[in-house]
Every structure is written in structure tokens, then in C-alpha cells.
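Just so it is clear, none of the values below were taken in a lab; they were calculated from the coordinates. This is a predicted model, so every value here is computed, not measured. Note that each Cβ is placed from the backbone with ideal geometry, even for glycine, and that neighbours are counted across all protein chains shown.
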């Protein structure tokens, strides 16, 4: 790659190392990357031949997961190496049982790249969504290893489409096929003469249906919601989301609220509970027989959110007043309208759900109240918008199968 690119990667590495003295995520990354090569040597067959799948973080892993599961279902003998760049992915999925090895991806420096590929000896490399690492891609191309990116999406403002983006356009030419989510992405790539593109869709739609169909039952949450006229589920919330939703909840005694905050350290939980005027219980403190009398349930443990949307009538998805909304498909798949804040523009599904009236965006408490009043007062409107959301998810299934068939060929289970 260009010397300027390599300088940038070295500077980024130095910044992460410096931050690791105070930042726990940076510390985990530095420690994890230092262990990668030895971990892979211990875990992998020297003969190689692994399917290498790289996700930046946990969200991208959820896009890779349907493909991994299909690979293992169709070919149980397939061997997979799963890598992450972010601790938010690795620390949660480091024991993922469908992978032969899970590791941090070493920084994209030439000596790291060659060592990594010499150990893994991948037969196929698959990147997810936004992962473009120039040295890895160039070396994979040089070694004639088939390389793909899945569930990718492109926008006009990205550096690939800028006059000075030539170095990054070279990265795109290293992929054998780019599997994109929409026609707009395909056209943008065609405009810069990248034509080995397949509009396959987004594998997250397949994933949320799988999660819904295998969702766990939670008797305590069922008891909590059993006598409610109306339950709102607030998923992955941050304080600005709670500042809007909690006052509305406090003013509506017939409504129940389930809150699954994005972070739930002691300080955050005390802050949330301090703003609620009604009977509230933490999930880890809940007991059978008391739940029906509670008005607000706060989920202070991981792993429940994607299954608990089923207990509500409307979902509020957090993050829209910060860096971006969290997964709205997880809720929409249950046939419920979804509400979210104004920072949704990078998410195609948000635009499309708004357009078809399965999703609604708000910028303040007044807009939230207007939408909620409509759903609380009209069962017909609630059902209409919920059905639209469910049908939207159903109409976008099949990306995983299209990608699998293109990469690995048609097969039977």
C-alpha cells in the first residue's frame, strides 16, 4: 500500500497503545493482538485451508453469523477462523463454537499481514460490511486467495468516490465479488468501474428471523407483561432516549415499560431508576409472584434483548441521539412498530421502514408523545403499522442463501 497509508496505520497503532494506559477497550485490543499469532499456532492445522471471516465488531458479526451457520450446516467439516478488530466483538464471541479459532486481527501492517496469512493459509477470505484493510486485501490478491465482502453498503460521500480516493479504490479491486445491500451501492461502484458486484441484500434480515424463531421464553417477563394494557420495550437506550421516554411513561399509568439500557453499570442504573416515579424492578432482583404489580422492568444483564421484544406492542430503539440507532430489525421482526431518534441516516432499513410506516423517527419529546398517543389509543393503527413492519422484514429475506451459493456453489443440506 501507499507509504502514507502505512504511516497512518502505524500512527493509529501508536495511539491505541497510548490510550491503553487509561482506556480498557484499548487495553484489551493491545493485549489481544499480542496473543493472536501464538493463539492461532496452537489452534490451527499447519496445512491451512480455513475459511477466514473478518468482522470489525459485534454488529458486523451478526451479519456474518447467518453465513457461518449456513456453511457449517451445509458442510460440517468446513474449518473457520473468525477475527475481530474491536473488543466489543471479540470479548463477547471469543468462545463462538462454530469457529475453529477466534482472534483479534493484527494491525494492517505488511509484516503482520504476511505472518497472519502464513499461519491461517485461508482458502477463502470474507470481510463484512465496512472492513477495508489495504495491506490484507493486496496480499490476499497477490496470493490469489478468493476474497469477498458481504452485506456491504456504499454512500456517495465515502472516500472511494472522492477525486483523491484512488488509493482506496485500489482496495475495492482486490475483491473477487462485492455483495452489496442495495442497487444504489451497485450503481455507485459502477460509476468508478467496479462491476464485480452482486446486489444480495442484508444478511441481518435472515438473522433476526432465526433469532425470533428460536427466541427464549422468560417467565418473569411474561408475568410482568401479562396484565398490561400496553407495554413499550426500549432497547439499547442511552440517556437522551430515556430523557424522552421516561417522562411519557411516568404520565401514563396504564402503560408498562421494559428498559434494556445499552450500558448498565451501577451509576447508570441508579440514574435511570431515579427518574422513574412508578414501581420498578431490576431483572436480576426480580422474583416470581411480584412481577405483575411492577410498572417498569430494567434489564441489567446481557443476551435478552432480541428475545424480549415479543413482550411489547411498540419498540423504541436507542442510539438515535448519539452515533446512530441500534438494530431496529430485531424488534420489527415481531410485528411491532419501531420508534427511533434522528440519527438513522446510515441505516437503509430505517429509511425504508419510515417510508412504509412501519418505523417512525422523532427529534423531541413532543414528537414521541404524538406517535405514542396514536398507538395507545388505536388498536387498529397499532396493528396496521406492526403488520407493515413484519412484512417488511419478510420481504427482505434470502441474502445469506444468495451469498452462499455464489461463493460456494449450490448444495443441499
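Rounded to the nearest angstrom and listed largest first, the equivalent-ellipsoid semi-axes of the range 57-140 from its Cα gyration tensor are 20, 15, 12. In summary, the chain shows an alpha-carbon radius of gyration equal to 1.05 times the 2.2 N^0.38 Å reference for compact globular proteins. Taking every pair of alpha-carbon atoms in the range 191-321, what share in percent sits in each 10 Å bin, from 0 to the bin with the longest distance? Over the range 191-321, the share of Cα pairs per 10 Å bin runs 11, 41, 29, 10, 6, 4, 0 percent. Scale the Cα Rg of the range 81-216 by the rule-of-thumb value 2.2 N^0.38 Å and send over the ratio, two decimals. In units of the globular-protein estimate, the range 81-216 measures up at 1.13. With 19 Å as the cut-off, how large is the P(r) tail for the range 1-156, expressed as percent of Cα-Cα pairs? Percent of Cα pairs beyond 19 Å in the range 1-156: 53.
Size estimate for the range 214-394 follows the Kirkwood approach: the inverse of mean 1/r over distinct Cα pairs works out to 16.1 Å. Enter the angle in degrees (range 0 to 90, nearest 10) between the Cα long axis of helix 3-19 and the first principal axis of the Cα atoms of the chain, meaning the one along which they spread out most. Tilt relative to the chain: about 50 degrees. Only helices enter the 222 nm calculation for the chain: every DSSP H run of n ≥ 4 contributes -39,500 (n - 2.57), and dividing by all residues gives -14000 deg cm²/dmol, rounded to 500.
For the chain, the longest principal axis of the Cα atoms and the long axis of helix 239-250 meet at an angle of about 20 degrees. The ranking of 262, 326 from fewest to most other beta carbons within 10 Å of each one's beta carbon is 262, 326. Take every pair of alpha-carbon atoms less than 8 Å apart whose residues are at least six positions apart; their mean separation over the length of the chain yields a relative contact order of 13 percent. Rg and Dmax of the range 309-413, based on Cα coordinates, read 15.8, 53 Å.
Just to be sure I understand: with springs between alpha-carbon atoms less than 10 Å apart, which residue in 24, 196, 391 has the highest mean-square fluctuation in the Gaussian network model of the chain? Looking only at 24, 196, 391, the biggest GNM fluctuation is shown by 24.
Compared with the dominant Cα axis of the chain, that is its longest principal axis, helix 399-408 is turned about 20°. Remark: 231, 370 ranked as 370, 231, counting other beta-carbon atoms within 10 Å and listing the fewest first. For the pair residue 118 and residue 251 in one chain, pulling the backbone fully straight at 0.36 nm per residue adds 41.7 nm over the alpha carbon distance. Kirkwood hydrodynamic radius computed over the range 239-289 comes to 11.9 Å, based on all pairs of distinct alpha carbons.
Using only the C-alpha atoms, the convex hull of the range 366-408 corresponds to 73 Å³ per residue. Need the C-alpha centroid separation for the range 115-191 versus the range 299-315, integer Å. Answer, in whole Å: 35. Once you treat every alpha carbon in the range 271-348 as an equal point and sum by Debye, what is log10 I(q)/I(0) at q = 0.11, 0.16, 0.26 Å⁻¹? Scattering profile of the range 271-348, log10 relative to I(0): -0.36, -0.73, -1.27.
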